[in-house]
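The values are calculated or read from the model by the stated rules, or taken from the named source; none is laboratory data. These numbers come from a predicted model, not from an experiment. When we count neighbours, we look across all protein chains shown, and the Cβ atoms used for this are built from the backbone with ideal geometry, even at glycine.
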Amino acid sequence: MPSSSGAVTVGRVILPASVAVENPWLSWGYVESNWDDLARLTGQHVSLTVQAVLIALAIALPLALLARARPAVAGALLGTSAVLYTVPSLALFGLLAPFTGIGRTTVLIGLVAYAMLVLVRNILVGLQGVPHDVVDAARGMGYSGGRRLLAVELPLALPAIITGVRLATVTTVALVTVGVVVGYGGLGQLMFRGFSSSYRAEIMTATLLCLAIALVADVVLLALGRALAPWSRRRVA
């Protein structure tokens, strides 16, 4: 509907009249006219990603420690993880909705589940890759189990853990968009709205923002990993 200011409203999107007619793939006019909406949904997207990865990491670490201590548990856990990871996210959100309702909680549970599957495997691989002679040396120096874990094993496993966190984070950024099926999908809501109105700039803007979030998160985690484990950087060099 045209307005007195020369703008056109397509659904809930405010567009300059020239932009609405052209329907381009990229439009700075669309960004300027819908800045508040873009900022709100981008913040929602980032918030969901950060919360999901942190919660998944808090659950995955003790599970990986348990799996390392008990090989039978490790086999069952990794097998279950492999099967669950093949379940499409769209189907998972749909299965959760009758029990957890429509909204943020359902999306967060699904995201945590997928991130946790990635993290458990990588943490376990990292812990299993710690050289036995190093662990034996720490044991010979009188390190208790807890001290050995914190001072020796986790630091040496950190590169693999950071790799898992990076993979889980980038995957989560993409999966957040699927949350639109239960009404809380961050930038996925812009994509859905763009497809519904056939407005290409809205789809492309949301896609580019998702890519930017994933890229920034990956670079930050890479830098964090190098800062926390400088010995691994020297070893690669």
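To keep it simple, each residue is scored yes or no on (1) over 20 Å from Arg166 (Cβ atoms); (2) assigned to a helix (DSSP H, G or I); (3) over 19 Å from the mean Cα position of the chain (by Cα).
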residue: Leu48; (1), (2), (3): no, yes, no
residue: Gln51; (1), (2), (3): no, yes, no
residue: Arg68; (1), (2), (3): yes, yes, yes
residue: Ala76; (1), (2), (3): yes, yes, yes
residue: Gly79; (1), (2), (3): yes, yes, yes
residue: Val83; (1), (2), (3): yes, yes, yes
residue: Val107; (1), (2), (3): yes, yes, no
Listed residues Gly185, Gly164, Gly179; which is in a loop (DSSP other than H, G, I, E, B) and either of a type in the set (Gly, Ala, Ser) or crowded, with 18+ Cβ neighbours inside 10 Å (or both)?
Gly185
State all residues of the stretch 99-139 that are polar (S, T, N, Q) and in contact (Cβ under 8 Å) with a residue 60 or more places away in the chain; if no residue qualifies, say none.
Thr106, Gln128
It is to be established whether one or more residues within the stretch 90-98 are within 26 Å of Leu221 (Cα to Cα), in contact (Cβ under 8 Å) with a residue 40 or more places away in the chain, assigned to a helix (DSSP H, G or I) and not hydroxyl-bearing (Ser, Thr, Tyr).
no
Identify, please: which residue in the stretch 68-125 is farther than 16 Å from Tyr184 by Cβ and charged (D, E, K, R) and is, among those, surrounded by the fewest Cβ atoms within 10 Å (Cβ to Cβ)?
Arg70
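Any idea which residue in the stretch 128-146 is nearest to Ala229 (Cα to Cα), counting only those that are among the charged types (D, E, K, R) and exposed (fewer than 13 other Cβ atoms within 10 Å of the Cβ)?
Residue satisfying both the conditions and the ranking: Asp133.
Okay, residues lined up against (1) over 15 Å from the mean Cα position of the chain (by Cα); (2) over 29 Å from Glu153 (Cα atoms); (3) among the charged types (D, E, K, R):
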position: Glu202; (1), (2), (3): yes, yes, yes
position: Ala217; (1), (2), (3): no, no, no
position: Ala227; (1), (2), (3): yes, no, no
position: Pro230; (1), (2), (3): yes, no, no
Return yes or no: is Arg121 among the charged types (D, E, K, R) and under 16 Å from Val53 (Cβ atoms)?
yes
How many residues does the stretch 27-43 hold that are at pLDDT 85 or above, farther than 20 Å from Val176 by Cβ and touching a strand residue (DSSP E or B) at 6+ places or on another chain (Cβ under 7 Å)?
1
